[in-house]
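The values are calculated or read from the model by the stated rules, or taken from the named source; none is laboratory data. These numbers were taken from a predicted model, which means no experiment stands behind them. Cβ placement follows ideal geometry from the backbone for every residue including glycine, while neighbour counts extend to all protein chains displayed. Note: areas computed on protein heavy atoms with side chains; ligands, DNA, RNA excluded. Shrake-Rupley method; radii C 1.70, N 1.55, O 1.52, S 1.80 Å.
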Amino acid sequence: MTQTFEVRNPATEQVLRAVELTSAEQADAAIERAHAAMPAWRAVAPGDRARLLRRFADAVDADIEHLARLEVANSGHTIGNARWEAGNVRDVLHYYAAAPERLTGKQIPVPGGVNVTFAEPLGVVGVIVPWNFPMPIAGWGFAPALAAGNTVVLKPAELTPLTALRLAELAREAGIPEDVFQVLPGKGGVVGQRFVEHPHVRKVVFTGSTEVGRRIMAGCAAQVKRVTLELGGKNANIVFADADLERAAATAPYGVFDNAGQDCCARSRILVQASVYDRFLELLEPAVKGVVVGDPSAETTEMGPLISAAHRERVRSYLPDDAQVAFRGSAPDGAGYWFPPTVVTPTSATDPLVTDEIFGPVVAVVPFADEAEAVAMANDTAYGLSGSIWTRDVGRALRVSRGVEAGNLSVNSHSSVRYWTPFGGFKQSGLGRELGPDAVEAFTEVKNVFISTEER
């Protein structure tokens, strides 16, 4: 019996459409088709594979407004963010379209012959995409995988499958064979589990919670299957006394409340030097209350709703009646999974507001004494994904950047992602790197070939 899932608009709670869920048997059949399509796709001339990826990018570019509106309806992203996200898919495809003709090996000097290396595709790659950034994170997986000559099966999150399904249509319009890139909506415990267990899937790319990432890693270990994991974060925004406090406070809300805080890179801990702590909070309050929360399709909206009622309850559970709330922003009443931007000032380093990835618009502001304590506090977490450092002292910026255990740091900025630079985490924030010039190598194996030239 076919199962379906009702996809809802998180801003209105209205059902958008029912999406058919892929069964385990259907997932296996799709994987088999991808495996069968692999030899022909691998044999496509590098220039032709590059040309197909450029055509795919052009198809995405022509469909950006449609994709963005789909994401606004399905995910509650603001229209400005959604346009950027669709554009990121286009840009990532263009970037990795250059890879097929540049997957060069090496000639290594050896006695008695010639030694060369080749970058060989892995085979079928399973990409598991989360609900918080469905479009760009999908592209970060499938673009380099396809460029390297792999076939791809992609599972979008149950809550947010619509843009992934549209991307599959655009790939086919661009000329990429249907079995080379397949999108399989379904449950993680069904489709995702088949990616982990099926022997024809040679690599799993997963973005999501650390808890699920551990299970995927353990399951893939049974077949020594390759994995890339981009997991959770509890990132620090470190503000020193010598920083431009006005700018640091004005930008801090957008470092944590973007996408309603549903971002593994959210700077959900603001560590402020004690001598300017009170002043920073004074400056932060109007900035937080000025965040425009509302209809995500409106051009002026800066923050939309949370993804679901269940997730809103999870976020709300972190704020009991006695929570140390300093101030809140505003959010609409009525239908929709709304939650106001919230600033808390916990006094214990073990408070869940300080330690847990809440994944909502809640930020803890905590004082520190000096540089050494700031680094120690930033590192006092199992995670290590991203973070920011605010200071006018270049030497301090470099020292703290080297001291903080995180994969992506910004000085006087909250930037985490550029498609031409590496992205990934330390510690329990993940394994491997996405994006940047080297990401395509994660979808290849190095083959070494020695050719004897000795006379017989």
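The figures follow:
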item	result
Pairwise FRET efficiency - His200 versus Thr2, Cβ, R0 = 35 Å, nearest 0.05	0.90
Magnitude of the charge dipole, segment 77-164, Cβ model with Lys/Arg +1 and Asp/Glu -1, debye to 20	80 debye
Computed [θ] at 222 nm, helices only, for the chain once each DSSP H run of length n ≥ 4 contributes -39500 (n - 2.57)	-11500 deg cm²/dmol
Heavy-atom accessible surface of the chain: percent carbon and sulfur, 1.4 Å	52 percent
Taking segment 311-420 and dividing mean pair separation by its residue count, relative contact order in percent (alpha carbons under 8 Å, at least six apart)	17 percent
Set Lys155/Lys203; Lys187/Lys234; Lys225/Lys427 screened for pairs whose C-alpha atoms are more than 22 Å apart	Lys187/Lys234
Neighbourhood net charge (12 Å Cβ-Cβ; Lys/Arg +1, Asp/Glu -1) for Pro130	-2
Distance between modelled label sites at Ala382 and Gln107, nm, 7 Å Cα→Cβ extension	5.1 nm
Segment 234-294: relative contact order in percent, alpha carbon pairs under 8 Å with at least 6 residues between	46 percent
In range of the label at Arg42: residues from segment 143-171 whose backbone nitrogen is under 20 Å from the point 7 Å along Cα→Cβ	143-154
Sites Val394 and Glu178, calculated FRET efficiency, Cβ-Cβ separation with R0 51 Å, nearest 0.05	0.45
Solvent-accessible area per residue for the chain (1.4 angstrom probe, square angstrom)	41 Å²
Tensor-based shape of segment 80-193 (alpha-carbon gyration tensor, a/c under 1.5 rounded, otherwise prolate or oblate)	prolate
Extension reserve of the Trp84-Glu211 stretch, reckoned as 0.36 nm per residue once the Cα distance is removed	42.8 nm
Relative contact order (percent, whole number), the chain, Cα cutoff 8 Å, 6+ residue spacing	18 percent
Segment Asp321-Ser452, extension gain: residue separation times 0.36 nm, minus the distance between their alpha carbons	39.5 nm
Added length on full extension, which subtracts the Cα-Cα distance from 0.36 nm per residue, Val292 to Ser330	12.9 nm
